[in-house]
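J.: Below you'll find the structure I mean.
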Amino acid sequence: MSFSTASSSTYPAKQHLVRTAKNLGVSSGVIFVRGGDIIVHPDSDTEYEFHQDSNFYYLSGVVEPGYAAAYDIASDTAILFVNHVSADEAVWVGVPMSLEEQQAAYGFDQAHYTKDIASIISALSPAKIFMLPHHQAPELQSLSIDQEMLIEAVHEARVFKDDYEIEVM
């Protein structure tokens, strides 16, 4: 993760989530977005080059694979879901930042591991979960999901640049 082009070391994820929620025009519900995952070439141990989903990046600031993010509109709470790296895996990919460090670096109110997505989101008791049309969340399928409204709200939010984005340009 590198924020070297902006004077602030904290990505404005919550600001982007709030702006997107306002564009939805609702007072409750949860925005849930998932980042991309690593894809391995068939019959190989070689990975395809990873590129983060641009809408996920805008809403979270995360460029690494395997993450997710949520925003509880009613409580104004931004939640980052971090991919857990085991000790064995850390030998190959390096020791990741702690949950607290990632929460602070990306500007979220909370950080949890991705294995806890279903329990954390369910505990919020959302009437509706807003997801992007191309995102999957099998762990949330028992909840009411809207995959139509969010894409327009994100696109509208991305039109107007904030100070962070202007400085990065």
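J.: Grab the Cα-Cα distance for Ala118 and Gln15, subtract it from 0.36 nm times how many residues apart they are, and report the gain in nm with one decimal.
T.: 34.7 nm
J.: Counting only heavy atoms of protein chains, what accessible area per residue, in Å², does region 56-169 have with a probe of 1.4 Å?
T.: 52 Å²
J.: With a 10 Å cut-off between alpha carbons and a GNM built on the chain, which of Ala87, Ala118, Ala127 moves the most?
T.: Of the options given, Ala87 has the highest mean-square fluctuation.
J.: Another question, if that's okay. Quote the accessible area belonging to Ser98 in square angstrom, nearest 10, computed with a 1.4 Å probe and with ligands, DNA and RNA left uncounted.
T.: So the heavy atoms of Ser98 present about 50 Å² to solvent.
J.: Hey, any idea what % of the chain's accessible area is carbon plus sulfur with a 1.4 Å probe?
T.: On the chain, the fraction of accessible area on carbon and sulfur atoms equals 52 percent.
J.: Rolling a 1.4 angstrom probe over the protein chains, ignoring ligands and nucleic acids, what is the accessible area of Lys128 in square angstrom, nearest 10?
T.: The value for Lys128 is about 70 Å².
J.: Does region 113-157 classify as rounded, prolate or oblate by the C-alpha gyration tensor (a ≥ b ≥ c root eigenvalues; a/c under 1.5 gives rounded; else a/b over b/c gives prolate, otherwise oblate)?
T.: Cα axes put region 113-157 in the prolate bin.
J.: Which aspartates and glutamates have a Cα lying under 20 Å from the Cα of Lys22, excluding residues fewer than 8 positions away in the same chain?
T.: Asp72, Asp76, Asp109, Asp146, Glu148, Glu152, Glu156, Asp162, Asp163, Glu165
J.: If you rank Thr10, Thr20 by how much accessible surface each has, with a 1.4 Å probe, what is the order from largest down?
T.: Per-residue accessible area, sorted high to low, gives Thr10, Thr20.
J.: Stretch Asp146-Glu100 to full length: gain in nm at 0.36 nm per residue minus the Cα-Cα span?
T.: On the way: separation 46, 0.36 × 46 = 16.56 nm, distance 3.04 nm.
So the chain would gain 13.5 nm between Asp146 and Glu100.
J.: With r defined as the distance between the Cβ atoms of Glu156 and Gln110 and R0 fixed at 25 Å, what FRET efficiency is calculated, to the nearest 0.05?
T.: 0.45
J.: Taking θ = phi - 60°, what integer Hz values does the Karplus form 6.51 cos²θ - 1.76 cosθ + 1.60 yield along region 34-49, in sequence order, with x for Gly and Pro?
T.: Each residue's phi maps through the Karplus curve to give 10, x, x, 10, 6, 10, 9, 4, x, 6, 7, 10, 9, 8, 5, 4 Hz.
J.: Taking springs between alpha-carbon atoms closer than 10 angstrom, which of His41, His84, His16 fluctuates most in the Gaussian network model of the chain?
T.: Of His41, His84, His16, the most mobile in the Gaussian network model is His41.
J.: Given the convex hull over the Cα atoms of the chain, what projected area results after averaging over all orientations, in nm²?
T.: 10.6 nm²
J.: Build a GNM of the chain with springs between Cα atoms under 10 Å: which of Ala105, Ala90, Ala69 gets the top mean-square fluctuation?
T.: Ala90
J.: OK, next. For Cα pairs less than 8 Å apart in space and 6+ apart in sequence, what is the mean separation divided by the residue count of the chain, i.e. the relative contact order in percent? Please list the in-between numbers first.
T.: On the way: 264 pairs, mean separation 47.2, N = 169.
After rounding, I find 28 percent.
The values are calculated or read from the model by the stated rules, or taken from the named source; none is laboratory data. Please read all numbers here as calculations on a predicted model, not as lab measurements. Here the Cβ is made from the backbone with ideal geometry for all residues, glycine too, and neighbour counts use every protein chain on show. These accessible areas exclude ligands, DNA and RNA; they are computed on the full protein's heavy atoms, side chains included. Shrake-Rupley method; radii C 1.70, N 1.55, O 1.52, S 1.80 Å.
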